[in-house]
Amino acid sequence: MLHVFYGNDIEKRTKALERFLEKLKKDQFDIEYFSDSDISPQSLSSIIYCSNLFGSKTALVLKHSIDNEEKSVFVLEKISEMSDSENLFIIVETDLKKPVLKDLEHANAEIEFFKTEKKVAEKPVIFSFTDSFGSRDKKNAWIIFRKMRDDNVSAEEIIPALFWAIKNALIVYKQQQNKLSPESTKLSPFVHKKALSMTNKFSDIELSYFLESLNHIYHEARSGNRDLDKDLELFILKALA
């Protein structure tokens, strides 16, 4: 048995998955979870072919196993077997390519799609936000951020630009610590100037922490464990406190 939840509306997708799992628990299913980091051919096969002597069944949730290039090879090879298994396999993805969708449809998978229509932010708006963040201008950064959110600009559009700006500032920090020329950073003069400005407002420890935090909340949201938009708001408030 095979069920698929996919799409970029993480909130709706997560809520639908939670409702589905609650129903399975009432139906006496044992729920297990594999992420892209801990699934293996052996662990997957053990559940595909496992039959419980006491009549209970297993529901295995596979989160982002198909968008992991290394893991997807053996997962996709087992689609037919998962469909024919006595146990239930639940695939959770943000995006699925057309050939994969066709394979899932041919395997009689039940597919639920969750798509959010978001406006694409104009680059100057996002860069105005990252500039205000880099200047540690809490008031202006928050005003621009709220405007973007009111215009339905998603956190997934904002985070890469913010991550890029912070990473550039760290590059400039290392350049200064090693007493290298600005050209050694391979950043354009314009980008280097903005990054240098950020190094005057934040320590390298703060910037490193920001990168780790953004990376963490992004991957937690992709796993369906967190709300990316809310976590980004909280991150900004704490970073500019």
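The values are calculated or read from the model by the stated rules, or taken from the named source; none is laboratory data. Here the structure is a predicted model, which is why all the values come from computation and not from measurement. Cβ coordinates were reconstructed from backbone atoms using ideal geometry, including for glycine residues, and neighbour counts include every protein chain displayed. Accessible surface is based on the protein model in full, side chains and every heavy atom, while ligands, DNA and RNA are left aside. Shrake-Rupley method; radii C 1.70, N 1.55, O 1.52, S 1.80 Å.
Summary of computed values
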| item | result |
| --- | --- |
| Accessible solvent surface per residue of the chain, calculated while the other protein chains remain in place, 1.4 angstrom probe, Å² | 58 |
| Protection-proxy order for peptides 23-30, 147-154, each taking the mean of Cβ atoms within 10 Å per residue, highest first | 147-154, 23-30 |
| Rounded percent of accessible protein surface that carbon and sulfur make up, segment 99-218, 1.4 Å probe | 54 |
| Partner lysines for Lys201 [C-alpha distance under 20 Å; skip if fewer than 8 residues away on the same chain] | Lys138, Lys139, Lys167, Lys174, Lys179, Lys193, Lys238 |
| Per principal axis, descending, Cα span of the chain in whole Å | 67, 39, 31 |
| Burial ranking of peptide ranges 132-144, 174-186 (average Cβ count within 10 Å, highest at the top) | 132-144, 174-186 |
| Efficiency of FRET between Asp150 and Glu110 - r from beta-carbon atoms, R0 35 angstrom, step 0.05 | 0.45 |
| Relative contact order, percent, the chain [alpha-carbon distance under 8 Å, six or more residues apart] | 21 |
